[in-house]
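What follows is a single structure, written as C-alpha cells, with notes after it.
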Amino acid sequence: MVNYGGDEVSALVIDIGSSSVRAGYAGDDTPKAVIPTTYGYHRAPPDADSAMPDVADPTQAGTGRSSKMYMGQFGPTVWREGMEVSNPLVDGLVHDFEPASALMRHAVEDIMRCNPSDHPILVTEPAWNTPANRERMAEIMFEEFQVPAFYIANTGVLNAFAAGKGSALVIDVGQTMASVTPIVDGFVLRKGLVYSPLPKLVHAHARHILANPNPQRRGIELYPHQLIANKQAVEVGAPPRFTLREDRLKATTDSWRNWYEAREVEEWIQSVAGVLEQGWNDQVAASRPPRQYEFPTGYNSWFAQERYSVGEQFFWHSPQLMASNPNLPKTIPALITESLRACDPELRQVLVGNVVLTGGGSLFAGFGDRLSSELARSFPHVKIHSPGNPVERRYGGWLGGSVLASLGTFHQLWISKEEWAEHGKVIVGQRCK
Amino acid sequence: MASSSEVRAILDLPSSSLSATPSLPQKKSSAPSARKPDGISRELFSLIGPSSTTLVAQLAKPRLKQKPNLGAGSKIKWEWRPFKNGARTDSLQLNHWTKASADPDAEYPFAKYNVQRPTHTYSQDEYTRHLEDPEWSKEETDYLMDIVNEYDTRWYVVYDRYDYPGGVPRSMEDIKDRYCSVCRKLIRNRPWAGDENSKNALLSSYSFDKEREVLRKRYVASLENRTPEQIAEEEALYMEIKRLEQNERRFKRERDDLLRTIAGIESGLPDVVEDEMHLTGVFSSSDPKRSKKKGGGADVLDSPSTPLISTPRERPRASLPPKNSAYDLQHCITRTEPPAAATSATKAAHQPAYLRSFKLPFPKAAIAQKVTQSLAELGVSHTRLVMPTQANVALLEGLLDATASLVDTKKVVDKVEFDIQVLKNRLGMQGAAKTEETDGGMDGMDVDDGNDADGDADGDGEGEDGRAQSVVSTRSARSRKHNRRSLSISSVDTSATVSTRAGTKRQRRS
C-alpha cells in the first residue's frame, strides 16, 4: 500500500472536454463513463406523450430551464423532431454551467450509478480557465452535488502526471483547442501558456475541401444517415443515388444538422486525412497511395493529395491564407516557439527533452512523426512522450487526475465541505494553485 | 551397546524414573541444538557429534522456492474505515480500506510527507534596522516572502506567479537576490543557538551572486539564439581547431622521436612504453650473459643490486647538479647512474625503476648450494630480506661475496692438501727407487709426448716448475678452459692440477 504511495478513497475524477465528458474512479486506468459533451434539447417543453415516440428513453434527464435534455449515448446522435444540439463549452472553457452540471450528473449518477455526495470529486480545468469559472465549478460541486471534498486540477499538469513527469512541455491537441503548456514541478508556467483554436481551422479546411466543388468532382453532400431513406451503390466518383427522408428533413434543426455534418467531416478526417512526416512536398504527397471513402449518401471517391493538405494546416499556413486572415490561429510550431520563448532559457532544454503529446487531436495520422521532425529541426535533444495507446492519448487528463486523486499524499489538498463553508470561494484559488 | 535409556529414547518411551533422572536435563538441553537433519542416518549423525553446525546446514535438503500462498491461508479482514489526515487543518474524514487489525488511532501514514520548509519572518523593527532597500518596499518584500514560501522556493514558479500590484517588473534574479539577502541578513543579525559551522552552512545556502547569475543566463540565452549559420560556422571553427591540435600533436611526436634517436636517454623525454618493454625483456631473458652482452655496462647488469647500491666511486656524478644532490639527500633519494653513458640509447641500456627487493644479490649458480648451506649455518636466508633497505642489501651482498670467496678458498685449500698428500706419497716411493735417473730431465721433456710411457714418472718427479710449465703448454686447451673457469685460483692451483692429472695418468697406466 505504501510502496507506490497510493491510498484510494474512492474519489471520482471528472474531465470535461469539448468532445466528451469523462468520469470514473480515481485509481482506474480508463474512465468508466465517456459521454459526448454535446447534448440535445427541445427549446419548448413538448407534450411528452404526443411528440415523443420513444418515451421510455432512459437518457432523458429533465432539468430546469423548462427544456428537455438528451445526453449520453442515445442523446444528441439520435434524430428527434425539432431537437436542437448545443455544447456547454466554448474554447475549452465551460460557458454554460447548467447543462455542464447536468452532463456530470448524468455521467456520475446514471452511468456510474453512484451518489456524488459519497465521493470526493476531482474536476479538471484547462490551463486558461478563469478564476470565476473554477469557483463556479466548486460551487456546483458543493451546493448541488453535496460532495464531501473537491479539487480542481489543471489538465496540463495532469497530462504531465499521466506521463509520469513533474516537468514537461505538454502539447495538447483537442477537438477545439490546441495548447502548449510548460509544466515545472507540477505547476503551470502561466507566462509560457499558449493556445489557439487550431483544430477548428483544420476542421473548417477539411469541410471546405469536401463541400466545395473542384475540377475532379462536385461538392459532396454531407447528409447524415438519419436523413437518408435509401441509397444505391454507385461507381467511384459517380453522383450518388439516394432518397432523403422528407418527413424528417423539415423537422430537422439547423444546429443538429450542422453538428452531424461536422461529425461526418470528422469521420472522414479520422479515416482518410494525414500529415506528411517531413513537411509539405508535392512529390511525396503524390506518391502516397490514395484512400477510398464512402459517405452516407453512397458517394465514394479516392482521396489522394488533398488528404495530406488537411494535416498540413496544423503545422504550416500558406502566406496567402495568413494575409487574408489576420486572426488565423497559430500553428503548432509557432505555439511551441512562443511558449518556449516565454520560458527561462535554462528551462528550455529541460522542457524540450520532456515533451508530452496528448489529446485526441494528436491521434491524427502522422502527427507525432511530423512534430518530432519539426522539433528536431530547431532543438538538438528532443524527446517526445506520446502514448501509443489511444485511450491514454485521448483521456490523458483524466488519467492524470486518476493518478493524482489516488495518491496518499494528495488527500491533504482536498477542499473539504467544512473549508468551503468557512472560507467560501477564496479557498479554491488558495488551494488549487 | 545401547544403554537402557538410549533404548527408551529410540522407542520414544518415557524414561524410567530412577535411572534416567540424572541424564534427562542434559538430554533436554542438547536436543534442540543438535537435531538430526534429514537425509543422514542416525548412526552417522551420532558419530559427527554435537558441534557440527556447518555440516548440518549443508545436509539440509535443498528447498524449492516457496509457493505463494494465495489466500489459502489466513484470511485478512479489511474494513472500509474513516480516517483523519494529520496534515489537514480541518476535520475532513475520508474513507479507505484498511486491515481490520490495524490500529484505528494510528497516524495517517502519508501525513509525514507533509514537511514544511523553515520560513523566515521579520518584525517591523527588524525590517527598518537591517532590511531596508531602496528598490524594495516593505509591502513588496512581504509579498515576496509569502509567495516564495507558498511555492516552496521553486524559483521558476515563483517568478511565473510573481505579480505584485503596482510593482516594477522583477526578473527572476531580482527576486532570488532579494530573498536570499533578506534571509542572510536575518540569520546574521539574530542570536544563533547552534555552533558557528552550522550558521555558516546555512548562510552559504542562501548565498546568491546576482551578477554572475545574470551573466550566466545571458550566456545560455546567447547560446540558444545562435542562427544556423553561426552554428555552422562554430562547427567549422571547432573542426579547424581539432585539426590544428592534431597537427601540433603530430609535430611534437615527430620531434620527440627525433630527439630520442639523436640524444637517446639524455634527451630527458618520458618514455614509458619503452621502459615497460625493457622490463619484460630483462625478466624474460633467463641467460644473464645475453643481457650482459646487450647492455654495455656488464658489471652493472651482472650483479643486479648494483644500480641501487651505488658504490662510492659511482656516486659523485658530474652530470648531477649540486642542487639536485642536496635535494636528494634531504629526501633520501638515491640516484643510480645510467649504465655507461657512451652506449647508444638502446632499450637495454636504459635502467628503469624497480623494487629493491626484486633484485636481491644472488650467488653464482655453481656454488649457490654451498653458499646457501654456509649461510644457513649463520641463520641467514639470502633469498628473503625482512627489510631490504639499501644498507641491508649492501650488507647482504658483502656477506654473499665473502661467503663465495670463502667457499672458493676452501676448495683450493682442499685441493692443495690433497696435492700435498699425493706428493708426499710419491716422495716416499721415489725415495725407494732413487738410483740413476737424476739427469736427462730436459731431454725427456722434448719427447714428452712420444715417450710418455717412461718419461712420465721421472719428469714429474725431478723438476717441479719446469716440468709443470711444459705440461701447461702442451695441454693448453684443457687447462685454459679450467683457468677461465676459476680466475681467482692462483698458480699453485695450476701446478697442483697438472700434477694431479699426471698422477691419475700414471695410475691409469699402472
statement: Cβ pairs under 8 Å, 6+ apart or interchain, first in the range A:356-375 and in contact (Cβ under 8 Å) with a residue 40 or more places away in the chain, second of a type in the set (Asp, Glu), ordered by first then second residue, are A:THR358/A:ASP172; A:GLY359/A:ASP172; A:SER362/A:ASP172; A:GLY366/A:GLU277; A:ASP369/A:GLU277; A:ARG370/A:GLU277; A:SER373/A:GLU277
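Provide a single number: the residues in the range A:233-272 that are β-branched (Val, Ile, Thr) and either without any contact (Cβ under 8 Å) to a residue 24 or more places away in the chain or surrounded by fewer than 15 Cβ atoms within 10 Å (Cβ to Cβ) (or both).
Qualifying residue count, the range A:233-272: 2.
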query: If you go through the range A:305-344, how many residues are surrounded by 15 or more Cβ atoms within 10 Å (Cβ to Cβ), away from every other protein chain (no Cβ under 14 Å) and small (Gly, Ala, Ser)?
result: 3
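What about A:VAL157, is it within 14 Å of chain B (Cβ to nearest Cβ) and either within 17 Å of A:VAL90 (Cβ to Cβ) or among the aliphatic types (A, V, I, L, M) (or both)?
On the way: within 14 Å of chain B (Cβ to nearest Cβ): yes; either within 17 Å of A:VAL90 (Cβ to Cβ) or among the aliphatic types (A, V, I, L, M) (or both): yes.
Yes; evaluated as a whole, the condition is true for this residue.
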query: If you check A:SER378 against the conditions, is it closer than 30 Å to B:PHE110 by Cβ, among the small types (Gly, Ala, Ser) and within 14 Å of another protein chain (Cβ to nearest Cβ)?
result: no
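Name the residue, out of B:THR153, B:THR89, that is in a loop (DSSP other than H, G, I, E, B) and more than 10 Å from every other protein chain (Cβ to nearest Cβ). Reasoning before the result, please.
Values: B:THR89 fails: more than 10 Å from every other protein chain (Cβ to nearest Cβ).
Matching residue, one of B:THR153, B:THR89: B:THR153.
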message: Looking at the range A:204-220, can you tell me whether even one residue there is within 18 Å of the chain's Cα centre (by Cα), of a type outside the set (A, V, I, L, M), more than 14 Å from chain B (Cβ to nearest Cβ) and in a loop (DSSP other than H, G, I, E, B)?
response: no
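Across the range B:211-265, what is the number of residues that are over 30 Å from A:PHE379 (Cβ atoms) and not polar (S, T, N, Q)? Full working, then the answer.
Quick first cut of the range B:211-265, residues over 30 Å from A:PHE379 (Cβ atoms) only: B:244, B:246-265.
When the remaining residues are screened for being not polar (S, T, N, Q), the result is B:244, B:248-260, B:262-265.
So the count comes out to 18.
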- request: State whether one or more residues within the range A:141-154 are over 30 Å from A:VAL426 (Cβ atoms) and touching a strand residue (DSSP E or B) at 6+ places or on another chain (Cβ under 7 Å).
  value: no
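Right, B:VAL148: more than 13 Å from every other protein chain (Cβ to nearest Cβ), buried (at least 17 other Cβ atoms within 10 Å of the Cβ) and at pLDDT 90 or above or not? So that I can check it myself, show each step before the final result.
Details: more than 13 Å from every other protein chain (Cβ to nearest Cβ): yes; buried (at least 17 other Cβ atoms within 10 Å of the Cβ): yes; at pLDDT 90 or above: yes.
Considered against the rule, which asks whether it is more than 13 Å from every other protein chain (Cβ to nearest Cβ), buried (at least 17 other Cβ atoms within 10 Å of the Cβ) and at pLDDT 90 or above, B:VAL148 comes out as yes.
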- request: Quick one: count up the residues across the range B:169-194 that are within 14 Å of another protein chain (Cβ to nearest Cβ), outside any helix (DSSP H, G or I) and touching a helix residue (DSSP H, G or I) at 6+ places or on another chain (Cβ under 9 Å).
  value: 2
message: What are the pairs with Cβ atoms under 6 angstrom where one residue, in the range A:105-116, is on the phi < 0 side of the Ramachandran plot and modelled with pLDDT under 95 and the other, located anywhere, is part of a loop (DSSP other than H, G, I, E, B) and of a type in the set (Phe, Trp, Tyr)? Sequence gap at least six, or different chains.
response: A:PRO116/A:PHE145
- line: Scanning the range B:92-125 residue by residue, those of a type in the set (Ser, Thr, Tyr) and in contact (Cβ under 8 Å) with a residue 60 or more places away in the chain turn out to be B:TYR122
task: Being under 15 Å from the mean Cα position of the chain (by Cα) and among the small types (Gly, Ala, Ser) is the filter; apply it to the range A:174-203 and report the residue that is farthest from the other protein chains (Cβ to nearest Cβ).
output: A:GLY174
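Among the candidates B:GLU173, B:GLU224, B:GLU234, which residue alone is surrounded by fewer than 17 Cβ atoms within 10 Å (Cβ to Cβ) and modelled with pLDDT of 85 or more? Give the steps one after another, and end with the answer.
Working: B:GLU173 fails: surrounded by fewer than 17 Cβ atoms within 10 Å (Cβ to Cβ); B:GLU224 fails: modelled with pLDDT of 85 or more.
Sole residue among the options that is surrounded by fewer than 17 Cβ atoms within 10 Å (Cβ to Cβ) and modelled with pLDDT of 85 or more: B:GLU234.
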message: So A:ASN230 passes all but one of these: (1) loosely packed, with under 13 Cβ neighbours inside 10 Å; (2) of a type outside the set (Asp, Glu); (3) in contact with a Ser or Thr (Cβ under 7 Å, 6 or more places away or on another chain); (4) part of a loop (DSSP other than H, G, I, E, B). Which condition number does it fail?
response: (4)
field: strands (runs of 3 or more DSSP E) within the range A:273-360 that include 3 or more residues in the same structural domain as A:VAL188 (by TED's automatic domain parsing) and at pLDDT 90 or above
entry: A:355-358
statement: Of the candidates A:SER416, A:SER372, the one satisfying the condition of being assigned by TED's automatic domain parsing to the domain that holds A:PRO116, touching a strand residue (DSSP E or B) at 6+ places or on another chain (Cβ under 7 Å) and hydroxyl-bearing (Ser, Thr, Tyr) is A:SER416
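For A:VAL350, are the conditions met, namely being within 12 Å of chain B (Cβ to nearest Cβ), of a type in the set (Val, Ile, Thr) and over 30 Å from B:HIS96 (Cα atoms)?
So A:VAL350 fits the description; yes.
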- prompt: Do we have any residue at all in the range B:195-205 that's in a loop (DSSP other than H, G, I, E, B) and farther than 30 Å from A:PRO345 by Cα?
  reply: yes
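Could we say that B:ASP163 is free of Cβ contacts under 8 Å to residues at least 24 places away in the same chain and away from chain A (no Cβ under 14 Å) here?
Working: free of Cβ contacts under 8 Å to residues at least 24 places away in the same chain: yes; away from chain A (no Cβ under 14 Å): no.
Against the criterion (free of Cβ contacts under 8 Å to residues at least 24 places away in the same chain and away from chain A (no Cβ under 14 Å)), B:ASP163 does not qualify.
Among residues belonging to the range A:3-13 that are touching a residue at least 24 places away in the same chain (Cβ under 8 Å) and either within 14 Å of another protein chain (Cβ to nearest Cβ) or surrounded by fewer than 24 Cβ atoms within 10 Å (Cβ to Cβ) (or both), point out the one that is nearest to A:ILE35 (Cα to Cα). Before the answer, list the steps.
Just the residues of the range A:3-13 that are touching a residue at least 24 places away in the same chain (Cβ under 8 Å), to begin with: A:5-13.
If we keep only those that are either within 14 Å of another protein chain (Cβ to nearest Cβ) or surrounded by fewer than 24 Cβ atoms within 10 Å (Cβ to Cβ) (or both) as well, we get A:5-12.
Working: A:GLY5: 31, A:GLY6: 28, A:ASP7: 28, A:GLU8: 25, A:VAL9: 24, A:SER10: 21, A:ALA11: 19, A:LEU12: 16 Å.
Looking at residues that are touching a residue at least 24 places away in the same chain (Cβ under 8 Å) and either within 14 Å of another protein chain (Cβ to nearest Cβ) or surrounded by fewer than 24 Cβ atoms within 10 Å (Cβ to Cβ) (or both), I get A:LEU12.
Where in the range A:381-430 are there helices (runs of 4 or more DSSP H), lying fully within it, with 2 or more residues that are within 14 Å of chain B (Cβ to nearest Cβ)?
By residue number, A:396-405, A:417-423.
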query: Among (1) surrounded by 15 or more Cβ atoms within 10 Å (Cβ to Cβ); (2) more than 8 Å from every other protein chain (Cβ to nearest Cβ); (3) farther than 18 Å from A:GLU419 by Cα, which single condition is B:ALA111 missing?
result: (2)
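Given the criterion of a type in the set (Gly, Ala, Ser), in a helix (DSSP H, G or I), within 12 Å of chain A (Cβ to nearest Cβ) and over 28 Å from B:GLU132 (Cβ atoms), identify the matching residue among B:ALA221, B:ALA236, B:ALA232.
B:ALA221
Just checking, how many residues over the range A:117-135 are surrounded by fewer than 22 Cβ atoms within 10 Å (Cβ to Cβ) and away from chain B (no Cβ under 14 Å)?
Counting residues in the range A:117-135 that are surrounded by fewer than 22 Cβ atoms within 10 Å (Cβ to Cβ) and away from chain B (no Cβ under 14 Å) gives 7.
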message: Restricting to the range A:28-83, name every residue that is surrounded by 13 or more Cβ atoms within 10 Å (Cβ to Cβ), at pLDDT below 90, in a loop (DSSP other than H, G, I, E, B) and among the aliphatic types (A, V, I, L, M).
response: A:MET52
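The values are calculated or read from the model by the stated rules, or taken from the named source; none is laboratory data. Since the model is a prediction, treat every value here as computed from it, not as a measurement. Because the Cβ atoms are built from the backbone with ideal geometry, glycine has one as well, and the counts that use them run over all protein chains shown.
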